[in-house]
Amino acid sequence: MKRIGLLSDTHGTFDTPLRKFLAEVDEIWHAGDFGNIETADAIAAFKPLRGVYGNIDGGALRVVYPQWQQFDCEQVPVLITHIGGYPGHYQSGVETRLRALRPKIFISGHSHILKVIYDKKLDLLHLNPGAAGLSGFHQVRTALRFTVDGERIEELEVGEWKRNMGLY
């Protein structure tokens, strides 16, 4: 069993509310737009980190983190990218990749909008944790945490923070 923390669009922010929310997870997955290598390094020093680069991430981040990340967590195949869309509105080429790789969890970020959608057509859970950072149009910062136990995805929780405020 693994407890997973899921972030996206931190845009240079890894602060106390995020650290408190992620304190009990085993690892953190990041769906891109870290903002800078220092933020990625701070997250990786806090917990084991898997991530992909986002459209604002350049240089060192693109050397360390790929555009796509595919792996198994317990017995659940996972696929992560930054710009992926969501069920019924996938970005060009994404549905073809999903059909070929057949993940049970597909994670993307970019929109700054929290989405948890089961895609019946592709039999996968789509997760977009929204934006955990302070930059962007969003008024509420969000992150997710959940448990992967064997083939099961359980205990999904949402962390929400008003901009520049603590957890509520």
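FYI, it's all coordinate maths here, none of it is from the lab. None of these values were measured; they are calculated from a predicted model. Note that we place each Cβ from the backbone using ideal geometry, even for glycine, and neighbour counts take in every protein chain shown.
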- Test: residue in the stretch 53-76 that is more than 17 Å from the chain's Cα centre (by Cα) and closer than 22 Å to GLY150 by Cβ: yes
- Note on the structure: For the stretch 139-150 the number of residues that are surrounded by fewer than 17 Cβ atoms within 10 Å (Cβ to Cβ) and farther than 10 Å from LEU114 by Cβ is 3
